[in-house]
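The values are calculated or read from the model by the stated rules, or taken from the named source; none is laboratory data. Only a predicted model underlies this, so the values are computations on that prediction, with no experimental measurement involved. For neighbour counting, all protein chains shown are included, and Cβ atoms are generated from backbone atoms with ideal geometry for every residue, glycine included.
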Amino acid sequence: MALPRIAIPAYRIAETFHGDTIQTVAYRELGDANRWPDLVALNELRPPFIVDDPDLVVPGVLLAGDPIKVMVPAPFVSGVRSPDDVFLHDVVLTNQMLESTGEGDFALVSGISNLRQALNHALATKRGELAFHPRYGSLIPRIIGEISSPVAAIMAADYAKTVVGADERISRVIEAKAEASGDRINVEVVAETIYGRPVNLQVVI
């Protein structure tokens, strides 16, 4: 008997921020500011699309901070594919160092473990740190030691939720929390994958 196809929403949910325009959201989430009409059509928006003033909100206009739908590249994953294939494969990185199998090969990680590793690295990497991947990473490292701990914790949890939720292998973020202490921020995220399996993340930044 053929396995059913698993329907995945053709969009993911992203967050908007104070000062956003529809063009800045398109650039941040899609990598191309010129794709703003796609966001307008998907979210059934009307000018001015996103505002900072609650008094200007009308149907079809988002208030900065509201969620926005963002299209994803692949709307379906065949039910005959294994979760390991969907969550991809990579080399094992420990403290930014490649691990060896002891037989001359690099150790590999697959499935949910690879997803967890990839998301932890994305959270811990300062956005803009990688020259050829300027949009990779998070804003969490930038706020360490810059603002008071309670505010830093709130911001870090919000940034973590955005980073994890942006991964196309994640269907939703269930919970994101953070604790700031001195020059360290502990981040914990619980999310649900597109296969319905939970993934728990814990990273110290």
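Summed over segment 16-29, the residues that are hydrophobic (A, V, I, L, M, F, W, C) and out of contact with any strand residue (DSSP E or B) (no Cβ under 7 Å at 6 or more places or on another chain) give a count of 2. Does ALA124 count as out of contact with any Ser or Thr (no Cβ under 6 Å at 6 or more places or on another chain), of a type in the set (A, V, I, L, M, F, W, C) and within 24 Å of ILE13 (Cα to Cα)? So ALA124 fits the description; yes.
Scanning segment 31-48 for residues that are out of contact with any strand residue (DSSP E or B) (no Cβ under 7 Å at 6 or more places or on another chain), surrounded by 13 or more Cβ atoms within 10 Å (Cβ to Cβ) and either closer than 24 Å to GLY128 by Cβ or in the same structural domain as ALA166 (by TED's automatic domain parsing) (or both) yields a count of 3.
If you go through segment 153-198, how many residues are free of Cβ contacts under 8 Å to residues at least 60 places away in the same chain and either over 21 Å from ARG127 (Cβ atoms) or of a type in the set (Asp, Glu) (or both)? Adding up the residues that qualify gives 12. Do you know which of the residues in segment 157-171 that are touching a helix residue (DSSP H, G or I) at 6+ places or on another chain (Cβ under 7 Å) and modelled with pLDDT of 90 or more is surrounded by the most Cβ atoms within 10 Å (Cβ to Cβ)? Within segment 157-171, the match that is surrounded by the most Cβ atoms within 10 Å (Cβ to Cβ) is ALA160.
Of the helices (runs of 4 or more DSSP H) lying entirely inside segment 104-180, the ones with 3 or more residues being small (Gly, Ala, Ser) are found at 111-124, 149-165. Which count do you get for residues in segment 49-74 that are farther than 21 Å from SER171 by Cβ, surrounded by fewer than 12 Cβ atoms within 10 Å (Cβ to Cβ) and not acidic (Asp, Glu)? Qualifying residue count for the region: 4.
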